[in-house]
1. Could you please put THR48, THR97 in sequence from largest to smallest accessible area, using a 1.4 Å probe?
2. What is the gain in length, in nm to one decimal, between LEU79 and LYS149 on full extension, counting 0.36 nm per residue of separation less the C-alpha to C-alpha distance?
3. Mind scanning LYS125/LYS149; LYS60/LYS149; LYS44/LYS149; LYS44/LYS152 and naming the pairs with a C-alpha gap bigger than 29 Å?
4. Could you compute the net charge surrounding ALA75? Neighbours are other residues with a C-beta less than 15 Å from the C-beta of ALA75; K and R count +1, D and E count -1.
5. Find how much the distance from GLU141 to ARG98 grows on full extension, using 0.36 nm per residue of separation minus their present alpha carbon separation; answer in nm with one decimal.
6. Specify whether the C-alpha gyration tensor of region 37-95 places it in the rounded, prolate or oblate class, a ≥ b ≥ c being the square roots of the eigenvalues: rounded for a/c under 1.5, otherwise prolate if a/b is larger than b/c and oblate if not.
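The values are calculated or read from the model by the stated rules, or taken from the named source; none is laboratory data. It should be emphasised that the depicted structure is a prediction, and the values quoted were computed from it without experimental measurement. Here the Cβ positions follow ideal geometry from the backbone for every residue, glycine too, while neighbour counts run over all protein chains shown. In case anyone asks, the SASA skips ligands and DNA or RNA and just uses the protein heavy atoms, side chains included. Shrake-Rupley method; radii C 1.70, N 1.55, O 1.52, S 1.80 Å.
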Amino acid sequence: MAREFVDFVTGAEVIIHNAEFDVEFLDLELARARLGRLADHVAKVTDTLEFARELHPGRKNTLDALCERYFINNAHRTLHGALLDAQLLAECYLAMTRGQESLAMELETPAAAAAAAVLLQVDLKNLIVVPALPDEVALHEQYLDAMEKERKAPSLWRKLMAN
């Protein structure tokens, strides 16, 4: 069974919530099977708990908390189960990464750029503006920083606000 697992993950990026905890167990089991450590087989281990802590500092970042934060239905999760947890984590990870590459590519097409320009030509005279609180602004800036760090490019929001 350990050999099948190693064959499955070899060369892959493995995404784990609270990786430090799980990798320790995986390393022990792989050592028992004389297969080395997980790091010997995978290209990368991404810890979604660390990522969630960067995105949401000071907040609860358990899998259940992430499901609630990103509106992912986990009502059927009464116990921890590897397959169900993996499915929920996949949805949380996609929500946390926000699919920025696809958004950026779509907005960089001429048609999408024209549509964005039309949206910026809204009559603002009758618009009711509720300003963000200072802590909300700070969280937004942290989110943009994390997104830009991962994408290695400025966000569309900051590009538009610079104009």
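1. Numbers: THR48 0, THR97 25 Å².
Ranked from most to least accessible, the order is THR97, THR48.
2. So the chain would gain 21.7 nm between LEU79 and LYS149.
3. Check vs 29 Å cut-off fails for LYS125/LYS149.
4. Taking every Cβ under 15 Å from that of ALA75, the sum is -3.
5. Stretched fully, the GLU141-ARG98 segment lengthens by 13.9 nm.
6. Details: a/c = 2.25, a/b = 1.28, b/c = 1.76.
Oblate, because a/c is 1.5 or more while a/b does not exceed b/c.
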